[in-house]
Amino acid sequence: MVPLKVLTLVVAGQNQPSVLVLQPVEETPAGKARIVPIWIGPTEAAQIGMALEHVKFARPMTHDLMLDALTNLDARVDSMVIYGSKGQMFFAHLVLSQGGRLITLDARPSDAIALALRQDAPLYIEETVLEITYNLLRTFTAA
(Lines give C-alpha, C1' and ligand atoms only; values in the text may rest on other atoms or scores of the structure.)
Protein backbone atom coordinates (compact mmCIF):
# COMPACT_ATOMS: atom_id res chain seq x y z
CA MET A 1 0.00 0.00 0.00
CA VAL A 2 1.13 3.50 -0.84
CA PRO A 3 0.54 6.33 1.67
CA LEU A 4 -1.40 9.31 0.30
CA LYS A 5 -1.79 12.96 1.20
CA VAL A 6 -4.36 15.52 0.10
CA LEU A 7 -2.75 17.68 -2.55
CA THR A 8 -5.72 19.97 -3.13
CA LEU A 9 -9.48 20.21 -3.07
CA VAL A 10 -11.01 22.11 -5.98
CA VAL A 11 -14.53 23.12 -4.99
CA ALA A 12 -16.86 23.84 -7.90
CA GLY A 13 -20.16 25.69 -7.90
CA GLN A 14 -23.59 24.27 -7.11
CA ASN A 15 -24.52 21.19 -9.16
CA GLN A 16 -20.95 20.86 -10.43
CA PRO A 17 -18.56 18.12 -9.37
CA SER A 18 -15.61 19.10 -7.21
CA VAL A 19 -12.24 17.36 -7.42
CA LEU A 20 -10.23 15.99 -4.52
CA VAL A 21 -6.65 15.44 -5.65
CA LEU A 22 -4.59 12.94 -3.67
CA GLN A 23 -0.87 12.41 -4.13
CA PRO A 24 1.37 9.57 -3.00
CA VAL A 25 3.82 10.38 -0.24
CA GLU A 26 6.83 9.07 -2.11
CA GLU A 27 10.02 9.97 -3.83
CA THR A 28 8.92 11.00 -7.30
CA PRO A 29 11.18 10.07 -10.20
CA ALA A 30 11.60 12.83 -12.77
CA GLY A 31 8.59 12.99 -15.07
CA LYS A 32 6.49 10.55 -13.07
CA ALA A 33 4.45 12.65 -10.64
CA ARG A 34 1.42 10.54 -9.79
CA ILE A 35 -1.92 11.91 -8.62
CA VAL A 36 -5.33 10.46 -7.85
CA PRO A 37 -8.21 12.77 -8.84
CA ILE A 38 -11.55 11.87 -7.26
CA TRP A 39 -14.65 13.66 -8.51
CA ILE A 40 -17.07 14.32 -5.66
CA GLY A 41 -20.32 16.17 -5.10
CA PRO A 42 -20.72 19.52 -3.34
CA THR A 43 -21.79 17.98 -0.02
CA GLU A 44 -18.81 15.62 0.03
CA ALA A 45 -16.48 18.48 -0.89
CA ALA A 46 -17.87 20.56 1.98
CA GLN A 47 -17.34 17.69 4.46
CA ILE A 48 -13.76 17.11 3.33
CA GLY A 49 -13.07 20.86 3.31
CA MET A 50 -14.31 21.13 6.90
CA ALA A 51 -12.09 18.21 7.91
CA LEU A 52 -9.05 19.77 6.22
CA GLU A 53 -9.68 23.11 7.93
CA HIS A 54 -10.62 21.52 11.29
CA VAL A 55 -13.94 23.38 11.31
CA LYS A 56 -16.27 22.60 14.22
CA PHE A 57 -19.92 23.57 14.50
CA ALA A 58 -22.07 23.94 17.61
CA ARG A 59 -24.10 20.92 16.48
CA PRO A 60 -22.41 17.81 15.03
CA MET A 61 -22.40 17.21 11.31
CA THR A 62 -23.01 13.64 10.06
CA HIS A 63 -19.33 12.65 9.99
CA ASP A 64 -18.79 14.11 13.46
CA LEU A 65 -21.79 12.14 14.72
CA MET A 66 -20.33 8.95 13.23
CA LEU A 67 -16.98 9.56 14.92
CA ASP A 68 -18.71 10.28 18.22
CA ALA A 69 -20.59 6.98 17.93
CA LEU A 70 -17.36 5.12 17.12
CA THR A 71 -15.56 6.73 20.06
CA ASN A 72 -18.37 5.75 22.42
CA LEU A 73 -18.06 2.18 21.15
CA ASP A 74 -14.30 2.27 21.92
CA ALA A 75 -13.39 2.29 18.23
CA ARG A 76 -11.36 4.69 16.16
CA VAL A 77 -10.51 5.16 12.49
CA ASP A 78 -7.29 3.27 11.82
CA SER A 79 -6.93 4.11 8.12
CA MET A 80 -8.61 4.54 4.75
CA VAL A 81 -7.61 2.36 1.80
CA ILE A 82 -8.52 2.84 -1.86
CA TYR A 83 -8.47 -0.76 -3.02
CA GLY A 84 -10.06 -0.70 -6.47
CA SER A 85 -11.33 1.35 -9.37
CA LYS A 86 -13.61 1.00 -12.36
CA GLY A 87 -13.28 3.81 -14.87
CA GLN A 88 -13.41 7.01 -12.83
CA MET A 89 -15.04 5.33 -9.82
CA PHE A 90 -12.92 4.35 -6.84
CA PHE A 91 -13.68 1.82 -4.10
CA ALA A 92 -12.47 2.23 -0.53
CA HIS A 93 -12.36 0.57 2.85
CA LEU A 94 -12.61 2.39 6.14
CA VAL A 95 -10.52 0.43 8.61
CA LEU A 96 -11.54 0.74 12.26
CA SER A 97 -9.61 -0.33 15.33
CA GLN A 98 -11.55 -1.64 18.30
CA GLY A 99 -10.27 -3.67 21.21
CA GLY A 100 -7.15 -4.89 19.42
CA ARG A 101 -8.97 -5.96 16.26
CA LEU A 102 -9.31 -4.32 12.88
CA ILE A 103 -12.74 -3.98 11.29
CA THR A 104 -12.96 -3.27 7.55
CA LEU A 105 -16.02 -1.46 6.22
CA ASP A 106 -16.88 -0.81 2.59
CA ALA A 107 -17.20 2.96 2.08
CA ARG A 108 -17.28 5.65 -0.54
CA PRO A 109 -13.80 7.16 -0.75
CA SER A 110 -15.16 10.63 0.04
CA ASP A 111 -16.80 9.45 3.29
CA ALA A 112 -13.80 7.37 4.33
CA ILE A 113 -11.44 10.28 3.63
CA ALA A 114 -13.65 12.76 5.53
CA LEU A 115 -13.65 10.45 8.56
CA ALA A 116 -9.94 9.60 8.37
CA LEU A 117 -8.95 13.27 8.11
CA ARG A 118 -10.99 14.10 11.20
CA GLN A 119 -8.98 11.56 13.22
CA ASP A 120 -5.63 12.18 11.53
CA ALA A 121 -5.68 8.58 10.29
CA PRO A 122 -3.49 7.65 7.32
CA LEU A 123 -4.78 7.43 3.75
CA TYR A 124 -3.56 4.61 1.49
CA ILE A 125 -4.01 3.32 -2.04
CA GLU A 126 -3.15 -0.09 -3.44
CA GLU A 127 -0.15 0.16 -5.79
CA THR A 128 -2.05 -1.53 -8.64
CA VAL A 129 -4.86 1.05 -8.44
CA LEU A 130 -2.31 3.88 -8.39
CA GLU A 131 -0.58 2.48 -11.48
CA ILE A 132 -3.87 2.03 -13.34
CA THR A 133 -4.86 5.61 -12.48
CA TYR A 134 -1.44 6.95 -13.50
CA ASN A 135 -1.57 5.12 -16.83
CA LEU A 136 -5.15 6.24 -17.48
CA LEU A 137 -4.27 9.88 -16.78
CA ARG A 138 -1.11 9.65 -18.90
CA THR A 139 -3.15 8.24 -21.81
CA PHE A 140 -5.80 10.94 -21.36
CA THR A 141 -3.27 13.81 -21.31
CA ALA A 142 -1.33 12.39 -24.27
CA ALA A 143 -4.43 12.45 -26.49
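Things worth noting here:
- For Val2, the stated conditions do not hold, so it cannot be described as touching a strand residue (DSSP E or B) at 6+ places or on another chain (Cβ under 7 Å) and open to solvent by 40 Å² or more (accessible area, probe 1.4 Å).
- Complete set of residues in the stretch 86-126 that are at pLDDT 95 or above, outside any strand (DSSP E or B) and either loosely packed, with under 14 Cβ neighbours inside 10 Å or of a type in the set (Asp, Glu) (or both): Asp111, Asp120, Glu126
- Top-ranked residue in the stretch 1-24 [being in a loop (DSSP other than H, G, I, E, B) and of a type in the set (A, V, I, L, M); ranked as modelled with the lowest pLDDT]: Ala12
- Flag for Thr139 being of a type in the set (S, T, N, Q) and not in a strand (DSSP E or B): yes
- Any pair with Cβ under 9 angstrom, 6 or more apart, that starts in the stretch 126-143 at a residue that is under 19 Å from His93 (Cα atoms) and ends at one that is at pLDDT 70 or above and open to solvent by 90 Å² or more (accessible area, probe 1.4 Å): Glu126/Met1; Glu127/Met1
- The condition (being within 26 Å of Asn135 (Cα to Cα) and touching a strand residue (DSSP E or B) at 6+ places or on another chain (Cβ under 7 Å)) is satisfied by just one residue among Leu9, Leu102: Leu9.
- Members of the stretch 56-83 that are among the acidic types (Asp, Glu) and surrounded by 11 or more Cβ atoms within 10 Å (Cβ to Cβ): Asp64, Asp68, Asp78
- Some residue of the stretch 33-42 being open to solvent by 80 Å² or more (accessible area, probe 1.4 Å) and within 22 Å of Tyr134 (Cα to Cα): yes
Residue by residue, here is whether (1) in a strand (DSSP E or B); (2) in contact (Cβ under 8 Å) with a residue 12 or more places away in the chain; (3) within 17 Å of Asp111 (Cβ to Cβ) holds:
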| site | (1), (2), (3) |
| --- | --- |
| Glu26 | no, yes, no |
| Trp39 | yes, yes, yes |
| Arg59 | no, no, no |
| His63 | no, yes, yes |
| Met66 | no, yes, yes |
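- Conditions (1) of a type outside the set (Ser, Thr, Tyr); (2) farther than 25 Å from Val10 by Cβ; (3) open to solvent by 80 Å² or more (accessible area, probe 1.4 Å); (4) under 17 Å from the mean Cα position of the chain (by Cα): number failed by Glu53: (2)
The values are calculated or read from the model by the stated rules, or taken from the named source; none is laboratory data. Everything quoted here is computed from the prediction, not taken from an experiment. With ideal geometry, Cβ positions are generated from the backbone for all residues, glycine too; neighbour counts draw on all protein chains shown. All accessible areas refer to the heavy atoms of the entire protein, side chains included, with ligands and DNA or RNA removed. Shrake-Rupley method; radii C 1.70, N 1.55, O 1.52, S 1.80 Å.
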